[in-house]
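Below: the structure, in structure tokens.
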Amino acid sequence: MTTSGNTPAPAQDATRTARAHSFNAAAAQYAANRPSYPPALFDALEQLAGRPLAGARVADIGAGTGIATARLHARGADVIAVEPGAGMAAEFRRTLPDVPVIRGNGNALPLADHSADFLTYAQAWHWTDPALAVPEALRVLRPGGALALWWNTSALDVPWIAAATERADRHFGLNISAEQRDLGARVADPAGRLDFTHRDIRWSRRVPLATHLANLGSHSVFLTDTEERRTAFLAEERRHLLTVFPDGIVEETYDVRLLLATTPAAPAAPATRPTPTA
């Protein structure tokens, strides 16, 4: 999510910074309640990249608590995680003690040149500055490597989700549907240095209402709101949702937005000719 277009630029920057850092105090809540990603996402990632994740060197940037990293690791990738936040990195280490995580961010990657087959950003690219992050990705990726960006976005054609989104828009002064439409190649790389391919993958999960509300509460717009406003909104949302899901089990439906671009492959070595004999 981004801030309202009516907010002056310095205030936008301050709000963005506060939201980016807000997750560290809620890392355990984030890890316990955020949705993961469906196997079809990683199938699409491999298909578009033209190579399997198994055995690939993958750097998962903005890894958070390791939700995506765990899925990449399960596919057989050799994963290293990069995470800027101390709280999120600590939760990552608790959850995935056998996967290395280093502190850093996409604008200045703490990784060697041409060292990764994949760079992945799950729910994280929007916290970068593409003017810095795109050149960094090109520096770190090997020839023929892939930059993959993805987000779980709400399926706004589902009536109860559309209604809930409208309530959140009114509360926070946002336009979430417009922000989701902006998750495209033009915003990801305004300078057009990369040729992104786009896929949407729909999936859903069924969770207790308490988990759904805790998931909502782990988003930065909630974490940076006052406790009084946050508590009041979530209590009202609980009342709304019990009319839709009286058994207290919520079916959350998502469209994963995947953008993937590959770097040019290394040129083939010229064929050698046999040395003429006398």
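The values are calculated or read from the model by the stated rules, or taken from the named source; none is laboratory data. Small disclaimer: the values here were computed from a predicted structure and weren't measured. Don't worry about glycine lacking a Cβ; one is built from the backbone with ideal geometry, like all the others, and counts go over all protein chains shown. Heavy atoms of the whole protein, side chains included, go into the accessibility calculation; ligands, DNA and RNA do not. Shrake-Rupley method; radii C 1.70, N 1.55, O 1.52, S 1.80 Å.
Tell me the per residue accessible area of the range 26-157 using a 1.4 Å probe; a whole number in Å² is fine.
36 Å²
Using a 1.4 angstrom probe on heavy atoms only, work out the carbon and sulfur share of the accessible area of the range 170-231 in %. The C+S portion of the solvent-accessible surface of the range 170-231 is 49 percent. Accessible area per residue was computed with a 1.4 Å probe on protein heavy atoms; TRP125 scores about 10 Å².
Prolate is the label for the range 145-192, because a/c, from the alpha-carbon gyration tensor with a ≥ b ≥ c as root eigenvalues, is 1.5 or above and a/b exceeds b/c.
The modelled label-to-label distance for the pair ARG193/ALA235, using points 7 Å beyond Cα in the direction of Cβ, is 5.0 nm. Computed with every protein chain present, the accessible area of LEU72 is close to 0 Å² [probe 1.4 Å]. Using only alpha carbons, the range 164-220 has a radius of gyration to Kirkwood radius ratio (Rg to Rh) of 1.07.
To the nearest 10, the accessible area of ARG167 is 40 Å² with a 1.4 Å probe. Residues whose amide H comes within less than 5 Å of that of ARG202, counting only those at least five positions distant or on another chain, are VAL256 (H built at 1.01 Å from N in the peptide plane).
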